[in-house]
Amino acid sequence: MAVDLIRAKNQIMKILLIEDDLDLGAALQRALDQANLPTKWVRRLSEGVAHLQSNDLSCVLLDINLPDGEGFTLLEQLRRKNNSVPVLVMTARDALDDRLRALNGGADDYVIKPFMLPELIARINVAIRRSAGQTTNAWQVGTLVIDPQQQSVSLGDRVLAVTPREFSILCELARQAGRVVRREQLLQRVWSGDELPSAGALEFQIHALRRKLGVETIRTVRGVGYLMPRS
């Protein structure tokens with residue numbers, strides 16, 4: 001059960017790493033995957049732009065010096081378009097002007113190379129929680145508390161038994177509480193790429209969760225997806 005829960009959790013976060021150094025990029029991708037932060041690694045600015053346009057991301061790790069331009073350019077484009085995805089700038093450039101340009105330009109953090117991996121992972125998790133309005137490791141929506149670290153779900157003073165897939169769905173909906181989560185997004189993140197869910201698989205999981213949580217906890221937005229109200 002513990003292994004299945006961790007596997008389910010892997011579908012929740014999605015990191016985009018834009019880093020041109022082959023050794024560092026490969027090492028970071030492996031380390032982040034092992035830390036339950038599945039990561040897409042690209043080496044060019046143009047590839048990063050393409051992925052930002054076509055994917056729902058939890059966080060972007062952005063190098064400044066890239067073969068086809070500066071990471072600052074991508075950061076400034078994101079913020080001009082009101083894209084609030086957390087961005088952590090990673091660079092060997094430690095000049096005050098660079099740090100100020102990144103932070104004033106909308107970066108959530110500025111990490112100077114070389115860095116320790118545990119610290120980077122902690123900074124990523126902080127940025128993701130902050131972007132979702134959470135101040136602790138657990139996701140809380142009203143009286144519903146979902147704790148990825150403890151792999152637990154509670155409603156008020158009751159601890160609920162949920163399946164790994166139900167847990168994964170709850171985490172995704174809670175992370176975006178108050179917003180509609182598209183059916184396609186849930187299917188992509190909850191079912192692994194080599195699985196083809198049946199037509200009613202997602203509806204079956206949502207129905208099971210409503211029996212445990214109450215029918216108003218997860219609302220259907222017809223033709224679009226599902227919404228977890230903030231309160």
Q: Out of all DSSP beta bridges with both ends in the chain, state the antiparallel percent to the nearest 5.
A: 55
Q) Order of 214-227, 19-32 by packing, highest average Cβ count within 10 Å first? A) 19-32, 214-227
Q. For the chain, which whole-number percentage of the solvent-accessible area (1.4 Å probe, protein heavy atoms only) is attributable to carbon and sulfur atoms?
A. 51
Q: Return, for the Cα atoms of the range 24-161, the radius of gyration and Dmax in Å, separated by a comma.
A: 16.6, 54
Q) Counting only protein chains, not ligands or nucleic acids, how are GLU70, GLU172 ordered by accessible area (probe 1.4 Å), most first? A) GLU70, GLU172
Q) Packing-wise, with mean Cβ within 10 Å as the measure, how do 159-166, 97-104 rank, highest first? A) 159-166, 97-104
Q: Can you figure out the FRET efficiency of GLU119 with ASN65, using R₀ = 30 Å and their beta-carbon distance, to the nearest 0.05?
A: 0.90
Q: Normalising by the residue count of the chain, find the relative contact order in percent from Cα pairs under 8 Å and 6+ residues apart.
A: 16
Q. What's the center-to-center distance, using Cα atoms, between the range 160-231 and the range 38-86 in Å?
A. 28
Q | Per residue solvent-accessible surface (Å²) - the range 52-129, probe of 1.4 Å | A | 49
Q | Å³ per residue enclosed by the Cα convex hull of the chain | A | 134
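The values are calculated or read from the model by the stated rules, or taken from the named source; none is laboratory data. Keep in mind the model is a prediction, meaning the values are calculated, not measured. Neighbour counts are summed over all protein chains in view; Cβ atoms, including those assigned to glycine, are modelled from backbone coordinates with ideal geometry. Please note that ligands, DNA and RNA were not included when accessible areas were found on the heavy atoms of the full protein model with its side chains. Shrake-Rupley method; radii C 1.70, N 1.55, O 1.52, S 1.80 Å.
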